[in-house]
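What follows is a set of notes on a single structure, which appears directly below.
The values are calculated or read from the model by the stated rules, or taken from the named source; none is laboratory data. Source: prediction; values computed, not measured. Note that each Cβ is placed from the backbone with ideal geometry, even for glycine, and that neighbours are counted across all protein chains shown. Ligands, DNA and RNA are stripped out before the accessible areas are found, and what is left, the full protein with its side chains, is counted by its heavy atoms. Shrake-Rupley method; radii C 1.70, N 1.55, O 1.52, S 1.80 Å.
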Amino acid sequence: MRFLKKLWHKQSEEEKNMHEKLNIGIILGSTREGRVSPLVGEWVKTIADQRGDAHYEIVDIKDYQLPLLGEGDAPGIAKWNGKLAELDGFVFIVQEYNHSLAASLKNALDLAREAWNNKAAGIVSYGSTGGARAAEHLRGIMGELMIADVRTHPTLSLFHDFTGQEFTPQDVHLETVNLMLDQVNAWGSALKPLRK
Ligand SMILES: Cc1cc2nc3c(=O)[nH]c(=O)nc-3n(C[C@H](O)[C@H](O)[C@H](O)COP(=O)(O)O)c2cc1C
């Protein structure tokens, strides 16, 4: 009887854990003066918050003042790892620089290891061809960091979704952003047992 009670308790705890809302970080990849990534990140967060299915927060690499890997042990590195450790999944806001991702994002990826493992991620990218080349490079890196990257990938065009420095996304992206978030939440929950 005691054994059954224990088993029931364990099962209900596991069920509760599976249904707890995930913490998803919306990571701004670029840090340059005049960047548009905060506009894109806020747009994704507004869509995400309307869903009510997870805790979404903007995580701005710029706030951590990260040194280049191997060039000193700034306090930002521990803070960065601490923030990532709190998160169950990510949405990377990716901009295309010279057919790849921004150096700021690559460096931030290199400055953590375990904190990335067994988590899910989606990509929202932008560039002249929707940032597709940068996003594909990021997918290769995510494999090495054991981040499960989902299939659906909203791609924003510098020609059709921006007007000068203003961000004017087309309505068509709303559905893809939501589909991507469905997948990040599903995989982020499924991977929970591996994060224990
Ligand atoms: C150094 C540099 C290289 C760039 N190279 C590309 C490129 O190869 N392909 C592309 O589509 N856009 C390229 N762009 C345009 C950027 O995608 C665009 O400026 C975007 O707004 C950058 O993101 P950010 O404003 O968040 O920094 C480049 C921009 C910079 C600053």
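Check region 96-112 and report whether any residue there is within 19 Å of K45 (Cα to Cα), in contact with a His (Cβ under 9 Å, 6 or more places away or on another chain) and crowded, with 17+ Cβ neighbours inside 10 Å. The answer is no, given that none of the residues of region 96-112 is within 19 Å of K45 (Cα to Cα), in contact with a His (Cβ under 9 Å, 6 or more places away or on another chain) and crowded, with 17+ Cβ neighbours inside 10 Å. Selection of region 108-157 for residues being within 16 Å of the ligand (Cβ to nearest atom), in contact with a Leu (Cβ under 9 Å, 6 or more places away or on another chain) and within 22 Å of N23 (Cβ to Cβ) yields A108, I123, V124, L138, P154. You will find that of H55, H160, the residue that is open to solvent by 60 Å² or more (accessible area, probe 1.4 Å), away from the ligand (no atom under 14 Å from the Cβ) and not in a helix (DSSP H, G or I) is H55 and no other. Within region 25-43, being within 16 Å of the ligand (Cβ to nearest atom) and within 11 Å of the chain's Cα centre (by Cα) holds for I26, I27, L28, G29, G41.
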